[in-house]
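Step one of this worksheet: look at the structure below.
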Amino acid sequence: MEDSRVRWSDLPPELWPIIGKRLDTYIDVLRFRSVCRSWRASLPPFNAVSPLLPLDLPSPVFAADHLTDAFLIRRIIYRLSPLDHHKTFSFASSSTSSSSSSSYCAAEGWLAKVESTKLGKMRFLHPLSTRYAKCNSDLFRKEVNLLDFGIYEVAKSYTLGYTNGSPVPRITKVVMFPDSPWIDVKKCTILAVYAGGKLGFAKHGDDKWTLIDHRNFHYDDVIVYKGQFYAVDRWGTVFWIDSSMRLVQFSPPLCGFGNQKHLVECNGELYVVDRFLDKEPLLWNADIFHIHWLNNLIEDSPPKVIDFKLHRLDQEWGRWVEVKNLGNQSFILGNDCCFSVSTPNFEGLKGSCIYFTHTPKCALGYNTHVFELEDKRILKASSNDNAPIFRPPPIWLNLEVTQIEEDAADNQ
């Protein structure tokens, strides 16, 4: 029998856009358009630029007589893994002679949060925080050959920023729906938790944010789950938001006594992670505190995590079930995005754990902590080598300087 297989580039032209428009991530669209010139011409480029112009929004925090124009900023979290697991990467060190170099055997992958700009530049952030990687230009390589790596999109996060580049303060969480490269962002709805727990939404062209709940200002998290907006409040009650942007109670209260609730989807199920702190976080009140003064106060003495409790919503019976073992799944609690991962796909991650940071302005991975669900103990991930995947990817960082920064962070 003759081999009936054909090359991808030899497929009928009318199939090209049909196949391409089933792709919904930037990296998949990039791969599709890299097959050949004909395929590249059949599909428009994915809009990876952030901010997502011209989606300008009013500021949800300040009144109309203050700065008002804000933009939606998208960040994509990737897993990068070397295709050649025995390959060694070398980097010249600025602190040594030009013939000297640092070497690192790339045996595992890394997580990297990437923000693309209008100028075609990429800005890197730690996967668990909203802090940019601010390093001397000598630390970064001029070029990275992406053909040497497998690149997979893990999650997306959103935040709001001003046109001058500064972030909109007091934003807890931002999500967008629909979230597809083939839908005009002007037709999307932005949902946010802001100003200490208010829940509101805005669309392109709105001159103000619309509060969804005028009585409850104690929301902790929002998520897009099964094509709907969901929110959880301080008491663990989960709501879904209908097409009219009205709240519909979806679960009974969790009645957990933790300080902060997180929503995470895992294998199609909805979980609430209850975070316990050693002290109550300070709440922002614009009428009492000057925002810059309060931010400095929070940075000086942030609360520390002392425990987590995990619950899964039994949707059939409408009840919460405490979870004490996640098997080979683990949860990543970022400051702007929470997601689950299958640990066999991520070398260096341990199953049934929660990875988190105490503070949003963590260093490049060195304040990452891991909570072991079964043993209920908290370890510093970097010092115990429990999460090398969160370390700065050596494809763009000079390791000798990185080690100096790590030692300094460990001594603080």
Output the residue which, of all residues in the stretch 188-223 that are in a strand (DSSP E or B) and of a type in the set (Lys, Arg), is modelled with the lowest pLDDT. 203
Can you pull out every residue in the stretch 189-200 that is touching a residue at least 60 places away in the same chain (Cβ under 8 Å) and either crowded, with 19+ Cβ neighbours inside 10 Å or not assigned by TED's automatic domain parsing to the domain that holds residue 215 (or both)? 190, 192, 194, 195, 198, 200
Scope the stretch 257-270; condition at negative phi and part of a loop (DSSP other than H, G, I, E, B); matching residues: 257, 258, 259
What residue, among those in the stretch 3-23 that are β-branched (Val, Ile, Thr) and under 22 Å from residue 182 (Cα atoms), is nearest to the chain's Cα centre (by Cα)? 19
Out of 335, 296, which single residue is under 22 Å from residue 278 (Cβ atoms), modelled with pLDDT under 90 and outside any loop (DSSP other than H, G, I, E, B)? 296
State whether the residues of the stretch 235-256 include one that is part of a strand (DSSP E or B) and modelled with pLDDT under 95. no
Quick check on residue 219: is it among the aromatic types (Phe, Trp, Tyr) and either under 25 Å from residue 112 (Cβ atoms) or outside the structural domain of residue 334 (by TED's automatic domain parsing) (or both)? no
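The values are calculated or read from the model by the stated rules, or taken from the named source; none is laboratory data. In this text the structure is predicted, and so the values were computed from the model without any measurement. FYI the Cβ positions are ideal-geometry reconstructions off the backbone, even for glycines, and counts take in every protein chain you see.
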